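The values are calculated or read from the model by the stated rules, or taken from the named source; none is laboratory data. Predicted, not measured: the structure shown is a model, and the values here were computed from it. Cβ coordinates were reconstructed from backbone atoms using ideal geometry, including for glycine residues, and neighbour counts include every protein chain displayed.
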Amino acid sequence: MSTEWTAVRAPVLRTALSVGVATGLYGVSFGALATASGLTVTQACALSVLAFTGGSQFALIGVLGAGGNAMSGTGSALLLGARNLLYGARMAAPLGLSGVRRVVGAQLVIDESVAVALGAEERGVRATRLGFWATGVAVFVLWNLTTLVGALAGTAIGDPRDYGLDAAVPAAFLALVAPRLRGGPAWLTAAVALVVALALVPVVPAGVPVLVAALVPVAVVLVQRRQGEPG
């Protein structure tokens, strides 16, 4: 192993591990809230293994916990998870995966693994790949372990809301959205979506406000594109 690669490898691994630990700890809240929302320990753990995208998982149990049906919860989860398709398209070239490795890699395409990978991109393709795999594996392992811990704890402590764990759901959404709100138009769009969602809460089933509010940024993008077209 060359000295140059060692100098590149160490900081990438440190970043991957720190991100993995910080993100993985959220799994405790997810596991506890999942069982409080009606899922069994097995179901909560299976969701973390198979779905493995924190925002979508929190969206699903948030809807279920509020009394919504599985279809509304799944719709909300799919809307949040759709961003991973864009991540996958962006990472396809630098990762260059095929066959079984491509299937495994697709499971690890999340906010954190892509962020660390792109952060290391200026150090070369090898560093980009290391950042992706190290972060993805670290988050996956820790997220699933802490999901199990949280789910087991949730069945033992009763209602996690008594301990403030219910705050993890809105906190997770804020953590996902806030870094992407750059500039006045983005904040205005988010504010309009929030108003729409809050206005619908008293009159529609749980989960539907999120789905309808998600149409606000879609409408904004369509209007912007239309305005940009030549007359």
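Sort through A117, A34, A59 and tell me the only one that's modelled with pLDDT of 90 or more, crowded, with 22+ Cβ neighbours inside 10 Å, out of contact with any strand residue (DSSP E or B) (no Cβ under 6 Å at 6 or more places or on another chain) and among the small types (G, A, S). Steps first, answer last, please.
Numbers: A34 fails: modelled with pLDDT of 90 or more; A59 fails: modelled with pLDDT of 90 or more.
None of the other options fit; the residue is A117.
Given the criterion under 24 Å from A156 (Cβ atoms) and in the same structural domain as A156 (by TED's automatic domain parsing), identify the matching residue among G73, G24, G55. Walk me through how you get there before you give the answer.
Working: G73 fails: under 24 Å from A156 (Cβ atoms); G55 fails: under 24 Å from A156 (Cβ atoms).
It is G24.
Can you tell which of T35, T6, T74, T23 is in contact (Cβ under 8 Å) with a residue 40 or more places away in the chain, in a helix (DSSP H, G or I), more than 16 Å from V139 (Cα to Cα) and hydroxyl-bearing (S, T, Y)?
Result of the check over T35, T6, T74, T23: T35.
Listed residues V169, V141; which is β-branched (V, I, T), modelled with pLDDT under 75, assigned by TED's automatic domain parsing to the domain that holds G73 and part of a helix (DSSP H, G or I)?
Checking each option against the conditions leaves just V169.
Could you tell me which numbered condition A151 fails, if it satisfies all but one of (1) surrounded by 12 or more Cβ atoms within 10 Å (Cβ to Cβ); (2) modelled with pLDDT under 65; (3) part of a helix (DSSP H, G or I)?
It is condition (2) that A151 fails.
Tell me whether the stretch 60-78 contains one or more residues that are closer than 18 Å to A16 by Cα, β-branched (V, I, T) and within 20 Å of the chain's Cα centre (by Cα).
First, pick out the residues of the stretch 60-78 that are closer than 18 Å to A16 by Cα: none.
No, the stretch 60-78 contains no residue that is closer than 18 Å to A16 by Cα, β-branched (V, I, T) and within 20 Å of the chain's Cα centre (by Cα).
Are any residues in the stretch 68-96 closer than 19 Å to E112 by Cα and of a type in the set (A, V, I, L, M, F, W, C), and if so, which ones?
A77, L78, L79, L80, A82, L85, L86, A89, M91, A92, A93, L95
Looking at this structure, is V196 over 20 Å from L86 (Cα atoms) and at pLDDT 70 or above?
So V196 fits the description; yes.
Kindly provide the set of residues from the stretch 172-185 that are modelled with pLDDT under 75 and not aromatic (F, W, Y), ordered by number.
We begin by selecting, within the stretch 172-185, every residue modelled with pLDDT under 75; these are 172-183.
Selection gives A172, L174, A175, L176, V177, A178, P179, R180, L181, R182, G183.
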